[in-house]
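The values are calculated or read from the model by the stated rules, or taken from the named source; none is laboratory data. In this text, all values refer to a predicted model and were calculated from it rather than measured experimentally. A quick note on method: Cβ atoms are made from the backbone with ideal geometry, for glycine too, and the neighbour counts reach across all protein chains shown. Side chains are part of the model used for accessible areas, which takes the heavy atoms of the whole protein and leaves out ligands, DNA and RNA. Shrake-Rupley method; radii C 1.70, N 1.55, O 1.52, S 1.80 Å.
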Amino acid sequence: MGRLLPFVGLSVLLLTGCFREESPERTTRVRAGDPLPVFSIESTQGVRYDSQERDGRRVLIYFFWSECPDCRETTPHVLDLWRRIGERDDVRLLCVARGGGDATQEKAVAYWDGLAASVAPLPMPELYYDRDRRVFDLFATQEVPRFYLAGSDGIVRWESAGNYGADALQGYLDAE
């Protein structure tokens, strides 16, 4: 029995997916009910977003890392949601590629451009690149993909780390 224990432990790790040092509950800094942190970020196309400017729209923030397997699985669902909602005047989609490690803006843009063909002829949502994780670190310490939905008043209504399909994301938007 003693010889089986290491094998059983390794099997459990392999079957449960990615090992994370901390749970999303311990790595989250901004929760539902909190105000959006104060930040400003510019897209790769020069469009600036300022969290303090209220334009009457809700904002769905999607943090991802272009090299993350979970993010690569989730991003097409986010783009499917984008196809559904387009450029609605009641919600803004803020897609933020997280920097750090070997992640570069060039890699993030190449990844984003590669996805653009899948949403043609619709325009892609703006891509924001958080080079030094300055914005991401206001929200969490780790764990992507990660979502935050804030109301038009700037109060976070929903937050979560994990993979979501377009239907689930649409449900969160519709419930708000």
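Scanning region 2-54 for residues that are at pLDDT below 55, surrounded by 10 or more Cβ atoms within 10 Å (Cβ to Cβ) and within 25 Å of TRP158 (Cβ to Cβ) yields a single hit, ARG20. Each residue in region 87-106 was checked for being touching a Lys or Arg at 6+ places or on another chain (Cβ under 9 Å), more than 24 Å from TYR172 (Cα to Cα) and outside any strand (DSSP E or B), and 3 of them qualify. State yes or no: is ARG84 open to solvent by 40 Å² or more (accessible area, probe 1.4 Å) and either touching a Leu at 6+ places or on another chain (Cβ under 6 Å) or assigned to a strand (DSSP E or B) (or both)? So ARG84 does not fit the description; no. On the stretch given as region 88-101, residues that are closer than 18 Å to THR44 by Cα and either surrounded by fewer than 16 Cβ atoms within 10 Å (Cβ to Cβ) or at pLDDT below 85 (or both) total 1.
If you go through region 59-81 and keep only what is open to solvent by 20 Å² or more (accessible area, probe 1.4 Å) and outside any loop (DSSP other than H, G, I, E, B), you end up with PRO69, ASP70, ARG72, GLU73, PRO76, HIS77, ASP80. A search for C-beta distances below 9 Å between a residue of region 37-52 that is touching a residue at least 24 places away in the same chain (Cβ under 8 Å) and aromatic (Phe, Trp, Tyr) and any residue that is in a strand (DSSP E or B) and surrounded by 16 or more Cβ atoms within 10 Å (Cβ to Cβ), counting only pairs 6+ apart in sequence or on different chains, returns PHE39/TYR49; TYR49/ILE41; TYR49/SER43; TYR49/VAL59; TYR49/ARG92; TYR49/LEU94; TYR49/TYR128.
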